[in-house]
Amino acid sequence: MTIYTHKGDLPADFTCEGVVAVDTETLGLKHNRDRLCVIQLSDGKGDAHIVQVVREDYDKAPRLKAILADPSIIKIFHYARFDVAVIKKYFKVDCAPIYCTKIASKLSRTYTDRHGLKSVCAELTGVQLDKHQQSSDWAAETLSDAQQRYAANDVLYLHEMMAQLNMMLAREGRTELAQSCFDFIPVRVQLDLAGWEDKDIFDHA
């Protein structure tokens, strides 16, 4: 594993072949309160690129934005609903197409209620993730080695997880259903950002 850290944008030589794993780190879990601090990406070949962003960078980062918006590149997230929303809010970028390993897990791993990244990764890849840095200061000017490892690990295994989940979805005949859910994520994000984040508009109540 090699971890590369960057300020503000991806390097000019960053490339990916059709699929890229993406995650974000913020100061909390409220889109309108807690700003985006870090975006990390992996091309699935064992490297992770960690991009630290500050307010002045939100209107910049052309290479990062181009990757996120490229319709020829599938973006893998775990819990895409949050990450896609925070990217849209701060970078004004619509991520598509999207693959969400959490949704895929819920549709295929119906024998468990454990669909967090740590649990899914442990079962499907055998890797035990250390989540101790999840609640740390991601706006720090310099990320600690532990933070960098944590951020990298959140994207390094998503390609393998997607491959395993795709086989399970196909086995259970739920591939098309999963794709329909992925396609709906941008709409769910619009509802979240417009104020319906705590309300299921399909609910009877």
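Since every read-out is calculated from the coordinates, none of them should be taken as a lab result. Just so it is clear, the structure is predicted and the values come from calculations on it, not from any experiment. Cβ: placed from backbone, ideal geometry, glycine included. Neighbour counts: every protein chain shown.
Listing for the model above:
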{"read-out": "Cα-centred dipole magnitude for the chain, charges only on beta-carbon of K, R (+1) and D, E (-1), debye, nearest 20", "value": "280"}
{"read-out": "Ratio Rg/Rh, restricted to the range 4-89 and using Cα atoms, in which Rh is the Kirkwood radius", "value": "0.93"}
{"read-out": "Pairwise FRET efficiency - Arg171 versus Leu29, Cβ, R0 = 41 Å, nearest 0.05", "value": "0.75"}
{"read-out": "Summed side-chain charge close to Leu107 - residues other than Leu107 whose Cβ falls under 12 Å, Lys, Arg +1, Asp, Glu -1", "value": "+3"}
{"read-out": "The range 91-199 - Rg over Rh from alpha carbon coordinates, Kirkwood radius", "value": "1.01"}
{"read-out": "Between the range 175-205 and the range 98-145, the alpha-carbon center distance in angstrom", "value": "21"}
{"read-out": "Computed magnitude of the charge dipole of the range 47-169 (debye, nearest 20; Cβ of K, R +1, Cβ of D, E -1)", "value": "460"}
{"read-out": "Rg(Cα) / (2.2 N^0.38 Å) computed for the range 82-144, rounded to two decimals", "value": "1.41"}
{"read-out": "Charge dipole (the chain, unit charges on Cβ, about Cα centre) - positive-most of Val84, Thr2, Ile39", "value": "Val84"}
{"read-out": "Cα-based Kirkwood hydrodynamic radius, the range 2-196, one decimal, Å", "value": "16.9"}
{"read-out": "Helix-derived mean residue ellipticity, 222 nm - over the chain, DSSP H n ≥ 4, -39500 (n - 2.57), to 500", "value": "-12000 deg cm²/dmol"}
{"read-out": "For the chain: relative contact order, % (alpha-carbon pairs under 8 angstrom, 6 or more apart)", "value": "24"}
{"read-out": "Dipole axis of the range 2-196 (+1 Lys, Arg; -1 Asp, Glu on Cβ), positive-most option in Leu107, Pro62, Pro11", "value": "Leu107"}
{"read-out": "Label point distance in nm, Asp200-Lys92, each placed 7 Å from Cα along Cα→Cβ", "value": "3.5"}
{"read-out": "Low-density loop cleavage sites - trypsin sites (Lys or Arg not before Pro) in the range 106-189, where at most 13 other Cβ are within 10 Å (DSSP)", "value": "Arg114, Lys131"}
{"read-out": "Counting DSSP beta bridges with both ends in the chain, the antiparallel % (nearest 5)", "value": "45"}
{"read-out": "Exposure proxy ranking, count of Cβ atoms within 10 Å, fewest first, for Cys121, Cys181", "value": "Cys181, Cys121"}
{"read-out": "Long pairs among Lys75/Lys118; Lys92/Lys118; Lys45/Lys92; Lys7/Lys89; Lys30/Lys131; Lys60/Lys92, criterion Cα-Cα beyond 22 Å", "value": "Lys92/Lys118; Lys45/Lys92"}
{"read-out": "Net charge, Asp192 excluded, C-beta distance under 11 Å - Lys, Arg +1, Asp, Glu -1", "value": "+4"}
